[in-house]
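Every read-out reported here was derived from the displayed coordinates using simple, explicitly stated rules and does not represent laboratory data. Please read all numbers here as calculations on a predicted model, not as lab measurements. Here the Cβ is made from the backbone with ideal geometry for all residues, glycine too, and neighbour counts use every protein chain on show.
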Amino acid sequence: MDRIKPELRILEGPAAVAAAAAEEFRARVFAAYRRENFFACALSGGTTPQLMFRELARRAGESPIPAGFWNHIHLFWGDERDVPPDNPSSNYRAAREALLETIEIPACNIHRIMPERGGAVKAAEEYETELKTFFSLSKGGIPRFDLVFLGMGEDGHTASIFPASAALNENVRLVSAPWVAKLNAFRITLTPPAINNAACIIFLVTGAEKAGAVQQVLEGSYMPEQLPAQIVNPKSGKLIWLLDRAAASQISKDAELL
Ligand code: 6PG
């Protein structure tokens, strides 16, 4: 299995990780803007990206944003919980409150996953259709996101691809709705093909509680069934890990990553 060597950036703490992620986002958005291209970004869920969302919101209000800047940006989600959009655990709600409510992004540029319409399986099917439409994909085509943000759990899961998940071996569908036994819940998630076709994938991982999984994912044997974050291996894109010192504390100094 040829695995891309990630770019590893170890920063002081969560705030520095958020700032680095926001800077990477803006740099890539401006590059697309100069090319007069749209910019398609999949946001991650959980708590880690909250600081980044707030940093993006702060910067959006601070520096001169060219008129129509946000018209070029289309936001998607890497995964979603099987809850309505106003539920406290909704990844969409978290991004809405921390970012979307403070920027002038057209509503049609927000592409959220909609479990409330008919449950997780239907939401996954509809989201797949949305991706195929937005990216003008022919049959079998795979979206190429400009940027996919990912987090990682202490068990090495990423997006909503958990250990031993059927989603790990999904090589046809772009979106799936795995049952997550440990959560006793369905999730909706981009699948490895949809994630790995991105131009850039950025992991944001902070906190000492993640250090063990970070070390195993980056330096341990390749076993994605146990460490799903290892399935992330962009075919022709960049892979960046933004870690704080606590999350990176078990990486051996001279380890050959991967
Ligand atoms: C989710 C995620 C998930 C998350 C990790 C880390 O919906 O929860 O997408 O993959 O990124 O569980 O979560 P924290 O940032 O809360 O530690």
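Across region 135-234, the volume of the C-alpha convex hull divided among the residues equals 93 Å³ per residue. Only Cα pairs within less than 10 Å get springs; with that Gaussian network setup on the chain, which residue of Asn184, Asn109, Asn196 has the largest fluctuation? Among Asn184, Asn109, Asn196, the largest GNM mean-square fluctuation belongs to Asn184. The alpha carbons of region 34-176 stretch over 46, 36, 28 Å along the principal axes, in descending order. Across all directions, the average projected area of the convex hull around the alpha carbons of region 1-87 is 8.4 nm².
Computed on the Cα atoms alone, the convex hull of region 37-96 gives a volume of 92 cubic angstrom per residue.
Where does the Debye-calculated log10 I(q)/I(0) of the chain sit at q = 0.09, 0.11 Å⁻¹, using only Cα point scatterers of equal weight, no solvent? With one equal scatterer per Cα and no solvent, log10 I(q)/I(0) is -0.36, -0.55. Using the Cβ of Ala120 as centre and a radius below 12 Å, the other residues enclosed give a net charge of -2, where K and R count +1 and D and E count -1. Scanning the chain for GluC sites (Glu not before Pro) that sit in a DSSP loop and have at most 11 other Cβ atoms within 10 Å, the longest stretch containing none of them is 105-255.
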